Amino acid sequence: MEIRTSRFGRVNISEQDMIEFKEGLLGFAALRNFVFIDDPQDDIFTWLQSCEDPNVAFPVLEPQLFGADSTFKIGPRDLNQIGAESVENCVFFNIVTIPDDPTNMTANLKAPVVLNVNKKLARQCVLQNNKLAIREPIFAKLQQRVVQNPGSKIKSKMDDYNVTVRLPERPAQPGV
């Protein structure tokens with residue numbers, strides 16, 4: 001099947017690529033089907049793209065990439081919503097906001113996206129930990145990670161989950 005996106009144009013996906021959010025995302029309750037898109041031109045972010053609205057896509061990162069605790073405590077109701085018995089069956093992602101000045105980018109640690117990889121069910125969970133920020137500054141942490149590990153890809157773990165649609169390589173633009 002083919003979905004339209006404002007960022008990547010038309011993207012071919014299979015039904016197995018779709019991630020279902022039974023309740024949508026916060027602020028986007030009507031949108032239930034998403035796909036993780038891996039753009040080979042982007043070394044940092046994976047995109048959580050709506051299959052229903054081409055204009056809705058969120059850059060996401062795994063929390064451990066910028067030093068956040070990746071063992072968030074989520075309740076039984078949240079686990080039940082995604083058909084998981086424990087967090088061991090889940091992968092966490094944080095939605096990133098990138099303003100005009102990327103040095104001010106932030107990640108929402110308070111409401112991570114929790115994905116049951118086996119069932120392709122996800123939920124954005126609002127955590128009860130008041131120490132977690134909605135707008136955690138991450139630019140310096142990402143920059144430090146790149147400097148300390150120049151040869152390692154930031155998104156390399158995404159391949160392990162087998163949940164992303166990888167876009168084809170685009171030819172280099174002449175003169176760019």
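Nothing in this text is a laboratory measurement; each read-out follows from the coordinates by a stated rule. These numbers were taken from a predicted model, which means no experiment stands behind them. Neighbour counts run over all protein chains shown; Cβ positions are idealised from the backbone, glycine included.
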Original post:
Does S86 satisfy the condition of being surrounded by 20 or more Cβ atoms within 10 Å (Cβ to Cβ) and among the hydroxyl-bearing types (S, T, Y)?
Top reply: no
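Residues checked against (1) touching a Phe, Trp or Tyr at 6+ places or on another chain (Cβ under 7 Å); (2) free of Cβ contacts under 8 Å to residues at least 60 places away in the same chain:
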site: F21; (1), (2): yes, no
site: G24; (1), (2): no, yes
site: F34; (1), (2): yes, no
site: P40; (1), (2): no, no
site: T46; (1), (2): yes, no
site: Q64; (1), (2): no, yes
site: K73; (1), (2): no, yes
site: L79; (1), (2): no, yes
site: G83; (1), (2): no, yes
Of the listed residues (P54, P63), the one being in contact with a Ser or Thr (Cβ under 7 Å, 6 or more places away or on another chain), closer than 20 Å to N129 by Cα and either surrounded by 15 or more Cβ atoms within 10 Å (Cβ to Cβ) or among the polar types (S, T, N, Q) (or both) is P63
In region 12-39, anything part of a strand (DSSP E or B), of a type in the set (A, V, I, L, M) and exposed (fewer than 15 other Cβ atoms within 10 Å of the Cβ) is listed as none
Looking across region 105-124 at residues that are touching a residue at least 40 places away in the same chain (Cβ under 8 Å) and part of a strand (DSSP E or B), the single one that is surrounded by the fewest Cβ atoms within 10 Å (Cβ to Cβ) is L121
